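What follows is a single structure, written as structure tokens, with notes after it.
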Amino acid sequence: MNDTKNMQTILSRVRRAIDNYHMIDDGDRIAVGVSGGKDSLTLLCALHALRRFYPKPFSIVPIFLDTALPGLDPSPLRALCAELGLELVEVPTGIYTIVFELRKEKHPCSLCAMLRRGALHDAALAQGCRKVALGHHFDDAVETLLLNLFNEGRLGCFSPVSYLDRKGITLIRPLLYTEEKEIRAFVRHAGIETVAKACPADGHTDRERIKNLLAGLEREDRGLRRRIFGAMERAGLDGFHVCPRARRGQKQEQEGKVE
């Protein structure tokens with residue numbers, strides 16, 4: 001794995017998100033939920049690289065939930081963890097059986113996500129982790145806002161940092177400022193092998209519909225996603241905020257003090 005240029009871009013985004021939202025404290029032991037997809041693998045690589053120079057020491061524990069999906073082969077994930085010198089924690093679950101065979105869900109994503117969240121949180125606690133890093137990125141945030149608006153008629157999104165008081169766990173999303181195209185570029189140029197998708201519902205979800213809609217709108221109105229994301233921060237939606245440095249920069253620009 002050798003892609004210094006793209007990793008530097010991602011590390012810059014990740015560090016800014018971590019600093020702006022105070023995601024990491026001294027001595028944190030952070031569980032990293034890894035599915036084997038491009039987002040979670042990029043997150044794992046970024047946090048592993050960040051540990052070398054971040055002023056607050058922390059450790060990471062990659063956790064993979066084996067949902068027993070037919071055809072799922074996590075060997076690329078095992079290989080990457082071995083290359084990084086990390087021990088992969090594999091947790092067997094019966095999520096596929098519950099969702100697709102017992103419940104036979106026509107719209108399986110919601111139940112599957114709920115079961116995976118519970119299993120990941122329990123696995124993190126079992127590993128002594130009080131923080132869990134998730135691979136949601138910039139585009140996920142914008143898509144989630146529109147999903148909630150179109151499907152539920154409400155303005156809402158996941159939070160950059162969420163504390164779950166029932167579990168005593170804090171969820172963090174260090175890829176918040178990282179665009180999906182940057183993640184694709186890193187994975188491609190670094191030669192990282194992802195785990196092949198095996199979910200029967202993949203590509204047939206509301207999120208995929210919103211993703212395609214945004215892609216079409218972005219082609220006609222460049223910068224649309226950034227403006228939506230900026231509106232979420234300025235509005236303070238669900239824990240989003242504009243950091244003090246950004247506010248100062250915006251004020252100086254308005255006053256004509258920035259060249």
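The values are calculated or read from the model by the stated rules, or taken from the named source; none is laboratory data. Model, not experiment: these values are computed from the prediction. Cβ placement follows ideal geometry from the backbone for every residue including glycine, while neighbour counts extend to all protein chains displayed. Ligands, DNA and RNA are stripped out before the accessible areas are found, and what is left, the full protein with its side chains, is counted by its heavy atoms. Shrake-Rupley method; radii C 1.70, N 1.55, O 1.52, S 1.80 Å.
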Check: Quick one: is Val132 outside any loop (DSSP other than H, G, I, E, B) and either open to solvent by 30 Å² or more (accessible area, probe 1.4 Å) or closer than 22 Å to Met23 by Cβ (or both)?
Finding: yes
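One line per residue, one yes/no per condition, for (1) open to solvent by 60 Å² or more (accessible area, probe 1.4 Å); (2) in a helix (DSSP H, G or I); (3) of a type in the set (S, T, N, Q):
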site: Glu105; (1), (2), (3): no, no, no
site: Ala113; (1), (2), (3): no, yes, no
site: Arg117; (1), (2), (3): yes, yes, no
site: Leu146; (1), (2), (3): no, yes, no
Item checked: Number of the exception - Gly256 against (1) in a loop (DSSP other than H, G, I, E, B); (2) exposed (fewer than 14 other Cβ atoms within 10 Å of the Cβ); (3) modelled with pLDDT of 95 or more -> (3)
Notebook entry, point to check: So is Leu11 buried (at least 23 other Cβ atoms within 10 Å of the Cβ) and assigned to a helix (DSSP H, G or I) or not?
Noted result: no
Note to self: Among (1) open to solvent by less than 30 Å² (accessible area, probe 1.4 Å); (2) over 18 Å from Ile172 (Cα atoms); (3) at pLDDT 85 or above; (4) of a type outside the set (Gly, Ala, Ser), there is one condition Phe138 misses while meeting the rest; what is its number?
What the structure shows: (2)
Notebook entry, point to check: Name the pairs whose Cβ atoms lie under 9 Å apart, with the first residue in the range 5-32 and more than 18 Å from Leu171 (Cβ to Cβ), the second acidic (Asp, Glu) and open to solvent by less than 40 Å² (accessible area, probe 1.4 Å), and 6 or more positions between them or separate chains?
Noted result: Asn6/Glu182; Thr9/Glu182; Ile10/Glu182; Arg13/Glu179; Arg13/Glu182
Check: Among the residues of the range 74-85, is any among the hydroxyl-bearing types (Ser, Thr, Tyr) and surrounded by 12 or more Cβ atoms within 10 Å (Cβ to Cβ)?
Finding: no
Check: Is one or more of the residues making up the range 109-121 at pLDDT 95 or above and in contact with a Gly (Cβ under 7 Å, 6 or more places away or on another chain)?
Finding: yes
Check: Somewhere in the range 14-26, is a residue part of a loop (DSSP other than H, G, I, E, B), under 25 Å from Leu111 (Cα atoms) and acidic (Asp, Glu)?
Finding: no
Item checked: Near pairs, Cβ below 8 angstrom, 6+ apart or cross-chain, from the range 64-87 (aromatic (Phe, Trp, Tyr) and modelled with pLDDT of 95 or more) to any residue that is open to solvent by less than 70 Å² (accessible area, probe 1.4 Å) and in a helix (DSSP H, G or I) -> Phe64/Leu77
Checklist line | Flag for Ala246 being of a type outside the set (D, E, K, R), exposed (fewer than 15 other Cβ atoms within 10 Å of the Cβ) and either under 28 Å from His22 (Cβ atoms) or modelled with pLDDT of 95 or more (or both) | finding: no
Next item on the list: Identify the residue in the range 54-73 that is within 30 Å of Arg15 (Cβ to Cβ) and under 19 Å from the mean Cα position of the chain (by Cα) and, among all such residues, is surrounded by the fewest Cβ atoms within 10 Å (Cβ to Cβ).
Entry: Ser59
Item checked: Within the range 14-41, considering residues that are in contact with a helix residue (DSSP H, G or I) (Cβ under 7 Å, 6 or more places away or on another chain) and more than 25 Å from Asp122 (Cβ to Cβ), the one most open to solvent (accessible area, probe 1.4 Å) -> Arg15
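Residues checked against (1) at pLDDT below 95; (2) surrounded by 15 or more Cβ atoms within 10 Å (Cβ to Cβ); (3) within 18 Å of the chain's Cα centre (by Cα); (4) within 27 Å of Leu155 (Cα to Cα):
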{"residue": "Glu179", "(1), (2), (3), (4)": "no, yes, yes, yes"}
{"residue": "Ile183", "(1), (2), (3), (4)": "no, yes, yes, yes"}
{"residue": "Asp202", "(1), (2), (3), (4)": "yes, no, yes, yes"}
{"residue": "Asp221", "(1), (2), (3), (4)": "no, no, no, yes"}
{"residue": "Glu233", "(1), (2), (3), (4)": "no, yes, yes, yes"}
